[in-house]
Amino acid sequence: MLVPVLIRSRELMVHFKRCRKGCQRDKDERQDQGDCGSNDRTSEGRGSRADHGRGACSRNLHLCQPRKVLALASQAELHHATLHGQEVGPLGEKTVLIDTHTHLDDARFDGDRDAVIARAREAGVETFITIGCDLATSRAAVSLADRYPFIYATVGVHPHEVKCIGDDWYDELRRLAQHPKVVAYGEIGLDYHYNHSPPKLQRDRFREQVCLARELRLPLVIHTREAQEDTIKILKEEKGSEVGGVFHCFSGDAWLAKDALNLGFFLSFSGVVTFQNATMLRDIMKTVPMDRLLVETDCPYLTPAPHRGKRNEPAYVKLIAEKIAELKDSTEPMSVQEVECHTSQNACRLFKIPYGSPERGQSKNAR
Ligand SMILES: [Zn+2]
Ligand SMILES: [Zn+2]
């Protein structure tokens, strides 16, 4: 598996491309001299356990400008790559996107689910996480994950639905969570905007489910609306940081972003960042470190501009990445490709899923 290293400077990328040819020559010469170049890797290779003979670019990377290029990857990326025995190489032309929050089981996709998925794959979305909101949708999410190699699932009970929790629900959720492609617990949390379940019951069920996620060792997918203080309070009291997770479809205040980041959580941005009136949210997004950002569609809801009013679908996650790049680029140079690369690596780190799609020759062990 190749972990892309971000090459921010165009000059360096040009140099790197040129240098790869140079390196090939360099390598041939070394081989002529009986030196295959592998020593370079051991002396420089803090980030790679690449097998000799696999992944030419990884080797060339080590042979040409190791420090200069590798310095552009964060320590965390390199550490993660080393830990998982991944190769470290330059970022290619094509990166992958991960839609970290979809409701692909929704009835609105019943007529054309395969076409929706194919369109998203065409747009560069290689991995999808589909979310459980109650027992039926948790089961549906797991069965979608069973059917498609690039779909992962979560299980849990949404604050709207906690009033329906029956005696046997938690046992069934525990059983479903044993599936190897269940990568998180949620979406769970508090929603005082609609109060479809009574607030006190929401809080009690939220606490119970944070505990259950800790028992299952699964990260949390948090839904919070007009309930910021209580959400943070419960996460602190129930030690949510032990498993971490994501504030999905982040739309809170600056202090919530800060508190969530302090608790070690990721923040996921949806199509809302493209909405005309979301100025405050865009300002908050700009302050979130790149290693804590995720992207999601929350499809079929929250369709980004310019498709508002239509059904949302995972292909549109690209529009969110583009918007984030545009906004971030106003303070530091940032390409769409970098946003895709960062957010995908973050998702892989949080959900412990492999980078890249299984059927394109990548690792396929989920957890
Ligand atoms: Zn939600
Ligand atoms: Zn959702």
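With respect to the conditions (1) among the hydrophobic types (A, V, I, L, M, F, W, C); (2) surrounded by 22 or more Cβ atoms within 10 Å (Cβ to Cβ); (3) within 19 Å of the chain's Cα centre (by Cα), residue 243 falls short on a single one, namely (2). A single entry from 124, 85, 89 fulfils the requirement of being farther than 30 Å from residue 190 by Cβ, more than 16 Å from ligand 2 (Cβ to nearest atom) and modelled with pLDDT of 50 or more: 124. None of 282, 225, 207 is in contact with a strand residue (DSSP E or B) (Cβ under 6 Å, 6 or more places away or on another chain), among the basic types (Lys, Arg) and at pLDDT 95 or above except 225. Being modelled with pLDDT under 95 and either away from ligand 1 (no atom under 13 Å from the Cβ) or among the basic types (Lys, Arg) (or both) is not true of residue 171. Annotation: of all residues in the stretch 121-156 being among the polar types (S, T, N, Q) and either more than 27 Å from residue 319 (Cβ to Cβ) or part of a helix (DSSP H, G or I) (or both), the one that is least open to solvent (accessible area, probe 1.4 Å) is 138.
From the list 266, 275, the one residue that fits, being hydrophobic (A, V, I, L, M, F, W, C) and under 18 Å from the mean Cα position of the chain (by Cα), is 266. Yes or no: residue 157 in contact with a helix residue (DSSP H, G or I) (Cβ under 6 Å, 6 or more places away or on another chain) and aliphatic (A, V, I, L, M)? Spelling it out, it is not the case that residue 157 is in contact with a helix residue (DSSP H, G or I) (Cβ under 6 Å, 6 or more places away or on another chain) and aliphatic (A, V, I, L, M).
In the stretch 261-280, is there at least one residue being assigned to a helix (DSSP H, G or I), over 21 Å from residue 102 (Cβ atoms), within 16 Å of ligand 1 (Cβ to nearest atom) and free of Cβ contacts under 8 Å to residues at least 60 places away in the same chain? No, every residue in the stretch 261-280 fails to be assigned to a helix (DSSP H, G or I), over 21 Å from residue 102 (Cβ atoms), within 16 Å of ligand 1 (Cβ to nearest atom) and free of Cβ contacts under 8 Å to residues at least 60 places away in the same chain. Taken together, the residues in the stretch 299-311 that are in contact (Cβ under 8 Å) with a residue 40 or more places away in the chain, surrounded by fewer than 23 Cβ atoms within 10 Å (Cβ to Cβ) and either touching a Phe, Trp or Tyr at 6+ places or on another chain (Cβ under 7 Å) or not aliphatic (A, V, I, L, M) (or both) amount to 3. Restricting 176, 220 to residues that are of a type in the set (A, V, I, L, M, F, W, C), within 28 Å of residue 257 (Cβ to Cβ) and either surrounded by 24 or more Cβ atoms within 10 Å (Cβ to Cβ) or away from ligand 2 (no atom under 13 Å from the Cβ) (or both) narrows the list to 220. Going by what's in this entry, would residue 295 be described as touching a helix residue (DSSP H, G or I) at 6+ places or on another chain (Cβ under 6 Å), within 16 Å of ligand 1 (Cβ to nearest atom) and under 25 Å from residue 210 (Cα atoms)? In short, yes.
The values are calculated or read from the model by the stated rules, or taken from the named source; none is laboratory data. Just so it is clear, the model here is predicted, and its values are computed rather than measured. As a convention, Cβ positions derive from the backbone with ideal geometry for all residues, glycine included, and neighbour counts pool all protein chains shown. Only protein heavy atoms, including side chains, enter the accessible area calculation; ligands, DNA and RNA are left aside. Shrake-Rupley method; radii C 1.70, N 1.55, O 1.52, S 1.80 Å.
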